[in-house]
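The block underneath contains the structure these notes are about, expressed in structure tokens.
The values are calculated or read from the model by the stated rules, or taken from the named source; none is laboratory data. Bear in mind the structure is a predicted one, so any value in this text is a computation, not a measurement. Every residue, glycine among them, receives a Cβ derived from its backbone with ideal geometry; neighbour counts consider all protein chains shown. For the accessible areas, the whole protein counts, side chains as well, though only heavy atoms, and no ligand, DNA or RNA atoms are used. Shrake-Rupley method; radii C 1.70, N 1.55, O 1.52, S 1.80 Å.
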Amino acid sequence: ASLAAHRAFPLLDQPVPARVLWGLAYPNNLASRVLAPLPDRPPFAASTTKLQLIDDSGKVVVAHVAISRTSVPGPAAQCGYHLDPSAETAIPLDGPLIRWGWTVRLSYLGASNGTVTAWLGSGTPASGPVVRGPGELFLRLVGDGQELHLRTSAGVTSFCLGSAQVGLVQAGPAY
């Protein structure tokens, strides 16, 4: 019932609790695979604008990123990092990350609608929507390194990244 009631926003694919299926069963322990037979569930995606997860009781709840690394302050006054359309920008993090499945929270200001693509080290890129105005986007990335790489679509005329946080998803609102 909780899954059916929360179909408006996609869920980032996360492992189910170990008591449901051990992590050694990866990738079969991902929620998208375990819940695939259910017709009334939220979609699973590599990005979302509202971070939620399925808690240990099976309910969809508000979630936050438990921060492991953050972006260092950007060089652009009142912008942080200004991304040129379609050009790759490397955002330094305040420390290294091991190769793992991470969730990235981007706080940004966009001048137009479009997409942003992000990746960590040699990891697989994930894309999500950019909306005009201030926004927040969560992306599920597998990767490592000490830099977050971003590229906007050609349609995004101006994009300011205020901050990026990298960590693991936990139930409950951000502090």
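Quick notes
- Computed label-point distance, nm, for sites residue 18 and residue 49 using a 7 Å Cα→Cβ extension: 3.7
- Amide H contacts of residue 14 (H built 1.01 Å from N, under 5 Å, at least 5 apart or other chain): 31, 32
- Label positions at residue 170 and residue 34, each projected 7 Å from the Cα along the C-beta direction, are separated by 2.0 nm.
- Probing with 1.4 Å while keeping every protein chain in the model, the per residue accessible area of segment 27-175 equals 48 Å².
- Residue order for 102, 22 - accessible surface, 1.4 angstrom probe, largest first: 22, 102
- Segment residue 61-residue 154, length gained on full extension (0.36 nm per residue, minus Cα span): 30.0 nm
- Per-pair calculated FRET efficiency, R0 = 25 Å: residue 26 and residue 5 via Cβ, rounded to 0.05: 0.35
- Expected-Rg normalisation [2.2 N^0.38 Å, Cα atoms] applied to segment 1-97: 1.39
- Heavy-atom SASA rank of 152, 70 (probe 1.4 Å, accessible area, largest first): 70, 152
- Most mobile listed residue (60, 34, 20) in the chain, GNM with C-alpha springs under 10 Å: 20
- Potential extension, residue 76-residue 124 segment - 0.36 nm per residue separation minus Cα distance: 14.5 nm
- Taking all protein chains together, 57, 2 sort by accessible area into 57, 2, largest first [probe 1.4 Å].
- Rounded to the nearest Hz, the phi-derived 3J(HN,Hα) couplings of segment 28-41 under the Karplus curve 6.51 cos²θ - 1.76 cosθ + 1.60 (θ = phi - 60°) are 6, 8, 6, 4, 4, 7, 5, 9, 3, x, 6, x, 9, 8, where x marks glycine and proline.
- The structure-derived value of Rg and Dmax of the Cα atoms in Å appears in the list [x] 16.3, 49; [y] 20.8, 66; [z] 15.2, 47 under the label [x].
- In the chain, the DSSP-assigned H stretches of four residues or longer account for a calculated mean residue ellipticity at 222 nm of -500 deg cm²/dmol, using -39500 (n - 2.57) per stretch and the full residue count as denominator.
- Proximity of backbone amide H atoms, modeled 1.01 Å from N, is registered between residue 99 and no other residue at under 5 Å, excluding neighbours fewer than 5 places apart on the same chain.
- In order through segment 92-102: 3J(HN,Hα) via Karplus (6.51 cos²θ - 1.76 cosθ + 1.60), integer Hz, x for Gly, Pro: x, 9, 7, x, x, 10, 7, 5, 6, x, 10
- Carbon + sulfur, % of accessible area of the chain - ligands and nucleic acids excluded, 1.4 Å: 58
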